[in-house]
Amino acid sequence: MNTNELVALKWVKLKHWCNLTGDTGNAVHARRKTGKWKDGVHCMVRDGNLWINIREGQSWIESEIPK
């Protein structure tokens, strides 16, 4: 998969998100549990898989950068 294809994707499974970003599954689940990430916005469960919204995940990361 090349960079142009990644830009076109909106949702990826948790494992792919972790491979792309270096994030961990435990960290993602912790953000969901504490309400930092909202189901239906940053992530969603479909057919027993956790999917991550790449755009919203990136926006969240950027919002955490000190200004």
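The values are calculated or read from the model by the stated rules, or taken from the named source; none is laboratory data. Remember, it's a predicted structure, so these values are computed and weren't measured experimentally. In case anyone asks, the SASA skips ligands and DNA or RNA and just uses the protein heavy atoms, side chains included. Shrake-Rupley method; radii C 1.70, N 1.55, O 1.52, S 1.80 Å.
By accessible area, using a 1.4 Å probe on protein heavy atoms only, the chain has 51% of its surface on carbon and sulfur. Based on protein heavy atoms only, the chain ends up with 73 Å² per residue of surface accessible to a 1.4 Å probe. Over the chain, what is the mean sequence separation of C-alpha contacts under 8 Å (at least six apart), divided by residue count, expressed as relative contact order in percent? Worked out over the chain, it gives 35 percent. With the helix formula -39500 (n - 2.57) applied to DSSP H stretches of n ≥ 4, the chain reaches a computed 222 nm mean residue ellipticity of -14000 deg cm²/dmol.
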